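The next block holds one structure in the form of structure tokens; read it before the comments.
The values are calculated or read from the model by the stated rules, or taken from the named source; none is laboratory data. Just so it is clear, the structure is predicted and the values come from calculations on it, not from any experiment. Glycine gets a Cβ as well: all are built from the backbone with ideal geometry, and neighbour counts include every protein chain shown. Note: accessible area is taken over every heavy atom of the protein model, side chains too, but ligands, DNA and RNA are not part of it. Shrake-Rupley method; radii C 1.70, N 1.55, O 1.52, S 1.80 Å.
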Amino acid sequence: MTRRKLSAEEAALWRKVTERTEALEQRQTFDPAAFAPQPKPKRADPPKPDFGKLAKSFPPKPEPRKTSFNLTPSLPDRLRNAPVQMDQKTFGKMKRGKLKPEGRIDLHGMTLDRAHAALTKFILSGHASGKRLVLIITGKGKNRDEGGPIPVRHGVLRHQVPQWLSAPPLASAVMQVSEAHISHGGGGAYYVYLRRQR
């Protein structure tokens, strides 16, 4: 595309315009940077802690000791220290294994529900028939505590039976509970001395 040349009139007009126009100085031109707010200086971030160094500065954590604190006395101690409710002479004979039990029940290996029902029936029927000394075999139990957060009792039935005997409906029929003599099962059995029928 060729450029058109200005006519004489156009050239004269252009000269008149340029004669009356003043050139702007550079400083008068608009500079956006001159009016923009200056950016605030960035604050330096605080240094991040070195957790590795911090961990090394503390003394090593001691290994937890595997100790258990059982503030309640053991079951044999509780039975041994229980007040004697029956005749002292008869109690002495019973403890030495000189009295022959008139009935016996073996709860060994039963679940708690089944054992509780069987024990209740045995004690109440024995009391109703006038028996005085009966033998309850629980077994010493297996150690099922695997070191979890909740301790598991050694011999669950062995610990549960005296509680059942001291609670209704059996408490009214039971006079004395004692660990059996070794000849009748020792720590895995109980003598239960029943009250007389009224």
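Some observations on this one:
- A single member of 146, 179 is open to solvent by 40 Å² or more (accessible area, probe 1.4 Å), acidic (Asp, Glu) and modelled with pLDDT of 90 or more, and it is 179.
- Restricting the stretch 78-121 to residues that are assigned to a helix (DSSP H, G or I), open to solvent by 80 Å² or more (accessible area, probe 1.4 Å) and among the polar types (S, T, N, Q), the residue that is modelled with the lowest pLDDT: 81
- Pairs where the first residue, in the stretch 89-112, is at positive phi and touching a residue at least 40 places away in the same chain (Cβ under 8 Å) and the second is among the hydrophobic types (A, V, I, L, M, F, W, C) and not in a loop (DSSP other than H, G, I, E, B), C-beta under 9 Å, 6+ apart: 97/182
- Number of residues in the stretch 155-169 that are crowded, with 19+ Cβ neighbours inside 10 Å and either hydroxyl-bearing (Ser, Thr, Tyr) or in contact with a strand residue (DSSP E or B) (Cβ under 9 Å, 6 or more places away or on another chain) (or both): the value is 4.
- Complete set of residues in the stretch 122-142 that are assigned to a loop (DSSP other than H, G, I, E, B), out of contact with any strand residue (DSSP E or B) (no Cβ under 8 Å at 6 or more places or on another chain) and over 13 Å from residue 159 (Cα atoms): 129, 130
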